[in-house]
Structure formats: structure tokens, C-alpha cells
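Below is one structure; the comments refer to it alone.
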Amino acid sequence: MKRLKLGGAAGAGRRIVEVGGLAFGRDFIIIAGPCAVESEEQTLRTARLVKEAGADMLRGGAFKPRLSPYDFQGLGAAGLKILKAAKKATGLPIVTEVMDARHIDEVSACADILQVGSRNMQNYTLLKELGNAGRPVLLKRGMNATLEEWLHAAEYILSAGNPRVILCERGIRTFETYTRNTLDLSIVPAVREISSLPVIVDPSHGTGKASLVRPMSLAAAAAGADGLLVEVHPRPAKAASDRGQQITPRAFADLVPAVRNLVAHLKAARPGARP
């Protein structure tokens, strides 16, 4: 693949995206929370537990793109109010998805980072509008997208005036059926070779299996990811969406120190690192 002449191209050092005192591209950021905002009790409980375990930010979907129109679509505006309450209670910055350009202002009033889901990676109208949103954007890789297509999607946001773009690998569709998607960890060092943009990994959507979240989180850190996006639910079996891939707060509390220790070890092992 030829080096792309994009705004996020490598060569001038890694791009730092600052959010609430944290910096993607410098710090290892762990974002955690439920797939969907289901109730105030569920969301606030999860927020407090993931913060206690060491999460840096809270994720949760107020608007949910679903395969079937009959599946739970999220609480919408009511979900955004619950996320605001969770932020007030815990101080955690909020990451939530925006699905429609008409909702950008409404979601921006709640979210610190606007997430673009896999299905909207090539929604160019939405991406252009996010260039004027005044919020960092977390751009998930499309389930069928090549690296070049993903970076060009990021360029729509960058070229419209928003330099704060964070990439997220969330698995791609292959012939494998045991996992929900195939988590493409080779894309992490590939992104870093040709782009300056920070890149994090979502092992929850990437595998669709709670049992695989821990090993793939560690593998993502080893591959050089700038952070993780992990789905956590206090009662995964009763979740309104994606039950099989959400881990318990206890499992998350065990995962965080393992990942942090690995990241610290890798950083110390880099050439030129201070002892």
C-alpha cells in the first residue's frame, strides 16, 4: 500500500488528542461501560464500578443501530440525560455514538467524544458535519473496510476542520463464524506506519465473546494500541443488547491491572527508555 497523502499521515510525529486531561496518542486510555444505556440505575452503577476499577472514560449507547428494527434501539434523548448524570456522579468523560447529523448538537451537549459506528464509517454527510462539531471523534472501522478506506473516512472529518480524530479497530467480517467478527490486530501497527492518528481497539465487538475480551485486550496492548473500548454490564445475561460480549465489573477489575502492567512493561522495554 502506498503512503497516503492525508492530514493524518505519519512523519510529523504522533497526533495527540486531548480529552479531559487525558491524551490519546500519549496515554493508554481505557474506555468502559455498557453497550446500551438501559436505565439510570444500570448506567450509574456500571459507571461507578468501572471508575473504581480504573477506567478513564465511560461508554454507553443512547442511540443504538441494530440489525432488526424490532430490537432495542436505545433510549435516545433520555439516555443522554442518564449519561450526563453518570458523568456528574463519577467525573468520567462520556463516549457515545451519534448516528445522524441532525443529532450532533444534542449528543455533543452530553458527550466528550462523539463515536461513529461501523455502519456509519462511510456516511460522508455525517463525517463532514462532524468536522464542525467541536468535539473529538472516535471513528470505528467499517466491518468490510480496508485500511485505505478507513483513513479516507477519517480524512473527511480532518479536512472539514476537526483535527481530533481517534481510530477504533472493532473487527471485520470474514468467513469465520465462531467469533462475531475477526479482530484485525495487524491493523494497529499498520495504522501507526502510515498515519499519525491514535488508534484504539474494541475487543468486545471484535470477538463478540466475553471469554475472549481479556486475551484480545492484552494482545491489542502488545500490538501498540493507544487504548481499549470495553463493554461492561453488571448483569450481562440480562442486557438489552450484545449480551454475549459484555464482561462483568469483576472481570473488568481483573483486566485493568493486567493491561496496565503490560503497557508499563512494554514502555520500559522500548529502546532508549529510562530505567
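No lab work stands behind these numbers, since they all come straight from the coordinates. Quick caveat: nothing in here was measured; it's all calculated off a predicted structure. Ideal geometry is used to build each Cβ from the backbone, glycine not excepted, and the neighbour counts take in all protein chains shown.
Observations on the model:
- For Ile200, the residues whose modelled amide H falls within less than 5 Å of its own, excluding neighbours fewer than 5 places apart on the same chain, are Leu167, Cys168, Glu169, Asp226.
- Listing His233, His205, His265 from fewest to most neighbouring C-beta atoms within 10 Å gives His265, His205, His233.
- Per residue Cα convex hull volume in Å³ - calculated over region 161-222: 95 Å³
- When you restrict to C-alpha pairs under 8 Å that are six or more residues apart and normalise by the size of the chain, the relative contact order lands at 20 percent.
- Going from the fewest other Cβ atoms within 10 Å to the most, the residues Tyr124, Tyr156, Tyr178 appear in the order Tyr178, Tyr124, Tyr156.
- Residue among Leu92, Leu138, Leu255 with the largest mean-square fluctuation in a Gaussian network model of the chain, springs linking Cα atoms under 10 Å: Leu255
- Kyte-Doolittle mean at least 0.5 and Cα axial length at least 15 Å: DSSP H helices in the chain: 210-223, 249-269
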